[in-house]
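The next block holds one structure in the form of structure tokens; read it before the comments.
The values are calculated or read from the model by the stated rules, or taken from the named source; none is laboratory data. Computed from a predicted model, the values in this text were never measured in an experiment. Methodologically, a virtual Cβ is constructed for each residue, glycine included, from the backbone with ideal geometry; neighbour enumeration extends over all protein chains shown. Surface areas here come from the heavy atoms of the whole protein model, side chains and all, with no ligands, DNA or RNA. Shrake-Rupley method; radii C 1.70, N 1.55, O 1.52, S 1.80 Å.
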Amino acid sequence: MIAFARTCAAIAATASKLEKIGLVAEYLRELDDGDLAPAARFFTGNPFPQAQERSLAVGGRTIVEAAAGVWGVEDAALSAGYRATGDLGAALGPFVRPSHDLGLFRDTLTPARFAVLLGEIADAAGKNAQKRRRVLCERIFSACTDPLEATYVIKIMTDELRIGLREGLVIDAVARAFARDPGAVRRAASAAGDLGAVALAAKHDALDGVTIAYHAPVAFMLASPIAYGTEYKDLAAAAWLVEHKYDGIRAQAHVTPGRISLFSRTLNDVAASYPEIVAALRAVPGSFALDGEIVAVRDGRVLPFRYLQARLQRKEVAPELLREVPVQYVAFDALARDDEFLLDRPLAERRAQLAELFASTSDTLVAAPWSALEEGAAPEVVHERFEASRLAGNEGLVFKRSDSPYTPGRRGKSWLKLKRELATLDCVVVAVERGHGRRVNVLSDYTFAVRVLRQAQDDRHELAVIGKAYSGLTDLEIAAMTEWFEAHRLPPDEARAAYARLDLKRHEIPVEPTVVLEIAFDIIQKSDLHASGYSLRFPRIVRLRPDKSPQEADTIERVTEIYAEMLTREGVRR
Ligand code: AMP
């Protein structure tokens, strides 16, 4: 990884796009096949193929502990380095001692080897997962021989490469490295959802072979959440198509004469469970691949998701069930039509293709209605449409940039989803931390807890950590919070007890458990990461709750309740 790191440093040092492309191209050109795919992925900042939706799940604490084990890290120097850079890679890298043992007994950290170890970290599961992740981190670090190498290795692990490379530049670099047409590389990249595979195809002149194949599913494009609020900054500078957010099951339909597949979110073919959709698709002429949502409907109204449950995972569907829970396929995207591959076309054009295909539709098959949202539309306009969606029985809205391509497996900013939170939790802040980047000198990261009964008979509550949130407060609020938390750190003996009791990490600063925050999240997961036994996905701060005392914060029972509600839903959806 030394050459990779040197290339990254050179890329970071220039503002010229052309130079950046040249540097990446030059580096990639020299690699053998085993290293080429992972190295191309690393440049996009993602250690895994995007289509895989895999994540590393290794925390800063594990990285610091592993680094300390291998290199002997001094706390004070690490804190100073971190404060100066706001970047764990840059702070830890300098602790690497150059090697004197000629490397005879060490692993050399090639991109291929690094990718294998990262894969093992991502796959670590079960009771000893945390320990296993740490051991793997130690293996990676002991193979680093150079501070710059370690810096960039850690930057990849912490998802903080930040060298000013957007994926578009890496695509251009792959084209340059192997003298291919950038358009062909871009097209292959959207089909494969993995720049690694595309780099290999470019090297071996096999880009034409990377295409959508009927009955082989493409990873689903995903939407990023935006918060329901009083302003919509993310929507400001573009034109959008707005659709309802249907509360159903995502499904990708592939239709060729004589064969129909319906792929679920997990990319399994579930066509057998929806014979009426299969029949309706069969009546549409030609070959095509669509993206959409299966919903339960009655009398023209979308029913809540729980009605659909009876239809899930059936190999055969009894006629009564077909009558009781009629379903509809609401198509919202066209991925391919006949021999034409549409992923790299703008959404507006894909929707036009969809409209042509669905010139006449049935009760079972519809193209999702959409409306246009002008650039800079007022929040009232957004809210009006939101309420209309809710009235129709749907969950909220999805905004899609009309000029955007379909990017498989990617949760980007071209699709945004707006829901109102199903539930939020009022949590107590127990520890705080400095942020990253421009927030490195303020206390912007908050570890929060819910209440748990100490003993069943006892009505005294203790706090158990459930998560950590970084986003949601304004700079002004963060500044005020910083001042308050600085003044309310726990004194040393209480702090020591708090570290043990709450299982806090070394860099977390225990504070008086007084501040209550309202936290929104996407889902609750069981997890041994925190003492509460649960963790939250995408936690974000909705607001400060100065009106609530810590004794009024939510309890673990409430968490368990919300988890149980979600389980039925999520268990079948994901
Ligand atoms: P969520 O499950 O809340 O993360 O929201 C993402 C899901 O919303 C997607 O995976 C789809 O299954 C679903 N969805 C519903 N309506 C739409 C739509 N109009 N466009 C895209 N996705 C939609």
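Of VAL170, LEU529, LEU463, which is farthest along the charge dipole of the chain in the positive direction, counting Lys and Arg as +1 and Asp and Glu as -1 at C-beta?
So the residue furthest toward the plus end is LEU529.
Within 10 Å, count the other beta carbons around each residue, average over each peptide in 301-308, 312-319, 217-224, and list them highest first.
Details: 301-308: 16.8, 312-319: 10.9, 217-224: 20.1.
Per-residue Cβ counts within 10 Å, averaged per peptide and sorted highest first, yield 217-224, 301-308, 312-319.
Just how far, in whole angstrom, is segment 330-409 from segment 276-321 if you go by their alpha carbon centroids?
19 Å
Among the lysines, which fall within straight-line cross-link reach of LYS203, defined as a Cα-Cα distance under 23 Å, with same-chain neighbours fewer than 8 residues apart omitted?
Filter leaves LYS17, LYS20.
Counting only protein heavy atoms and using a 1.4 Å probe, what share of the accessible area of the chain belongs to carbon plus sulfur, as a whole percent?
On the way: 13660 of 26340 Å².
That share works out to 52 percent.
Is the C-alpha gyration tensor of segment 222-419 telling us rounded, prolate or oblate? Criteria: a/c under 1.5 is rounded; beyond that, a/b larger than b/c is prolate, otherwise oblate.
Working: a/c = 2.02, a/b = 1.36, b/c = 1.49.
Oblate, since a/c reaches 1.5 and b/c is not below a/b.
What order do LYS233, LYS17, LYS548 take when sorted by accessible area (1.4 Å probe), most exposed first?
Details: LYS233 155, LYS17 115, LYS548 55 Å².
In descending accessible area the options line up as LYS233, LYS17, LYS548.
Cross-link list LYS419/LYS548; LYS468/LYS505; LYS526/LYS548; LYS417/LYS526: which exceed 20 angstrom alpha carbon to alpha carbon? Intermediate results must be reported in sequence, preceding the final value.
Numbers: LYS419/LYS548 25 Å; LYS468/LYS505 12 Å; LYS526/LYS548 27 Å; LYS417/LYS526 25 Å.
The answer is LYS419/LYS548; LYS526/LYS548; LYS417/LYS526.
Ranked highest first by the average count of other Cβ atoms within 10 Å around their residues, in what order do 32-44, 494-506 fall?
Details: 32-44: 21.5, 494-506: 15.2.
Going by the mean number of other Cβ atoms within 10 Å, highest first, we get 32-44, 494-506.
I need the shape label for the chain. Rule: rounded when a/c is under 1.5, else prolate if a/b > b/c, else oblate, with a, b, c from the alpha carbon gyration tensor.
Numbers: a/c = 1.87, a/b = 1.18, b/c = 1.58.
In terms of gyration-tensor shape, oblate.
How much accessible surface area, in Å² rounded to 10, belongs to the heavy atoms of TRP484 with a 1.4 Å probe?
80 Å²
Hey, can you find the accessible area per residue of segment 423-570 for me, probe 1.4 Å, expressed in square angstrom?
On the way: 7350 Å² over 148 residues.
Averaged over the residues of segment 423-570, the accessible area is 50 Å².
Is the C-alpha gyration tensor of segment 423-570 telling us rounded, prolate or oblate? Criteria: a/c under 1.5 is rounded; beyond that, a/b larger than b/c is prolate, otherwise oblate. If you can, show how the numbers build up before the last one.
On the way: a/c = 1.68, a/b = 1.25, b/c = 1.35.
Oblate shape, in that a/c is at least 1.5 and b/c is the bigger or equal ratio.
Probe of 1.4 angstrom, ligands and nucleic acids ignored: what's the accessible area per residue over segment 46-157, in square angstrom? Walk me through the numbers before you get to the answer.
Values: 5190 Å² over 112 residues.
With all protein chains present, segment 46-157 gives 46 Å² per residue.
First select every other residue whose beta carbon is under 9 angstrom from the beta carbon of GLU293; then total the charges, Lys and Arg +1, Asp and Glu -1.
On the way: positive: LYS245, ARG250; negative: ASP247, ASP291.
Charge balance near GLU293 sits at 0.
May I ask you to give the solvent-accessible area per residue for segment 191-264, in square angstrom, as obtained with a 1.4 angstrom probe? Mind showing how you got there, number by number?
Values: 2670 Å² over 74 residues.
Computed with neighbouring chains in place, this is 36 Å² per residue.
Set Lys and Arg Cβ to +1 and Asp and Glu Cβ to -1, take the dipole of the chain about its Cα centre, and tell me which of LEU31, PRO94, PRO408 lies farthest positive.
Projecting each Cα onto the dipole axis, the largest value belongs to LEU31.
Could you work out the local net charge near PRO326, counting Lys and Arg as +1, Asp and Glu as -1, over the other residues with Cβ closer than 9 Å to its Cβ? Numbers along the way, then the final one.
Working: positive: ARG298, ARG323; negative: GLU276, GLU324, ASP363.
Once positives and negatives cancel, what remains is -1.
Compute the distance from the alpha-carbon center of segment 108-130 to that of segment 10-24, in whole Å.
Between the Cα centre of segment 108-130 and that of segment 10-24, the gap is 30 Å.
For segment 29-43 and segment 139-171, what is the separation of their Cα centres, given in Å?
Centre-to-centre (Cα) distance: 13 Å.
Just flag the trypsin sites (Lys or Arg not before Pro) in segment 102-161 sitting in loop per DSSP whose Cβ has no more than 10 other Cβ atoms within 10 Å.
Values: sites: ARG106, ARG113, LYS127, LYS131, ARG132, ARG133, ARG134, ARG139, LYS155; in loops: ARG106, LYS127.
Passing sites in segment 102-161 are LYS127.
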